[in-house]
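Take a look at the structure set out below.
Values quoted throughout were computed directly from the atomic coordinates according to the rules given, and no laboratory measurement underlies them. The structure presented is a predicted model; accordingly, all values stated were derived computationally and were not measured. Cβ sites come from the backbone with ideal geometry, for glycine too, and all protein chains shown count toward neighbours.
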Amino acid sequence: MEGATLRKLQLVENDILKVVAEFCKKHNVKYSLYAGTLLGAVRHGGFIPWDDDVDLFMERNEYERFLTLWQSEGVSGYTMQATNSPFYEGINHTKIRKDGTILASNKEMETDTHHGIWLDVFAFDKVPTDKKKRKKFLFRAKLRLVYTRGYPYEKGGKLLKLISKILLLPSRKTQLKIRNKIEKKIIDKYKDLKSGYEYISLASTENFKTFYPPEVIENLATINFEGGEYSAVKDYDKMLSIQYGDYMKLPPEEQRICKHNPEVLDFGE
């Protein structure tokens, strides 16, 4: 996907961002632009030219408040998919989708769920700085991810793959019950820590070695994105450096590609 089609998709996603940002402002929910969206705001003043999605993050307590508020009130024309939504319990984050649109693969179209163009919302969780507690936390986080996704680890060696296959022998209903118990042992246990912690995204194992100091995540300001003003971490240089290294350097041309290449794309016109 490229050219006019990609730009059209970006503009629809930008409309979703405006809606979510306004909802957060109305309810005083703290959020920040995240990942490629934050990088795009800093380096390009908007979308990275080849980027095809929008990412936000919220600290866990804000994230849970956001879910509760949206599920009780929401915004007409937009649908939330959280981990308790039908056919969506296999992912650890939330999507806000625009009704009447489609962005999906042919395989995804076979499922009876919402396929609209989306914006991603990730939770950031507190992880202890204490080495023993952190080791136990991350081990449980990996278990949680196995039960969330419902398929074994393909990377990390044969032993890890075998263990995760054994863990997935119970029914899907039982797997999700186990996942919820694990969440209470890590997320709920540490989400109100006042000291001795950093932040982490538990959305995928790719994030499990990336930690952010509290002052980076908790101090917010505003930043320009596609001509609008949005909330973002004040020390974006620190956050982007942790995540990307030399983030102002453009990647090689062969890496400037879209992450999602939908087989079905409908702007709802």
### Task
Sticking with the crude label model, points 7 Å out along Cα→Cβ, report the distance from Phe139 to Asp192 in nm, one decimal please.
2.7
### Task
For n ≥ 4 DSSP H runs only, could you compute -39500 (n - 2.57) per run for the chain, divide by its residues and tell me the 222 nm figure to the nearest 500?
-13500 deg cm²/dmol
### Span from the the stretch 143-208 Cα centroid across to the the stretch 45-62 one, whole angstrom
24
### Query
Build a GNM of the chain with springs between Cα atoms under 10 Å: which of Pro152, Pro170, Pro252 gets the top mean-square fluctuation?
Pro252
### Query
Ratio of the chain's C-alpha Rg to 2.2 N^0.38 Å, to two decimals?
1.01
### Query
Which Rg and Dmax, in Å, describe the Cα atoms of the stretch 115-269?
18.7, 54
### Query
Where the centre of each part is set by its Cα atoms, how far does the stretch 101-139 sit from the stretch 216-233, in angstrom?
22
### Query
Expressed as a rounded percentage, what relative contact order does the chain have, with Cα pairs under 8 Å and six or more residues apart?
24
### Task
Name the residue, out of Glu254, Glu22, Glu206, whose mean-square fluctuation peaks in a Gaussian network model built on the chain with Cα pairs under 10 Å.
Glu254
### Task
Report the FRET efficiency, 1/(1 + (r/R0)^6), for Asn219 and Asp130, where r is their Cβ-Cβ distance and R0 is 30 Å, rounded to 0.05.
0.80
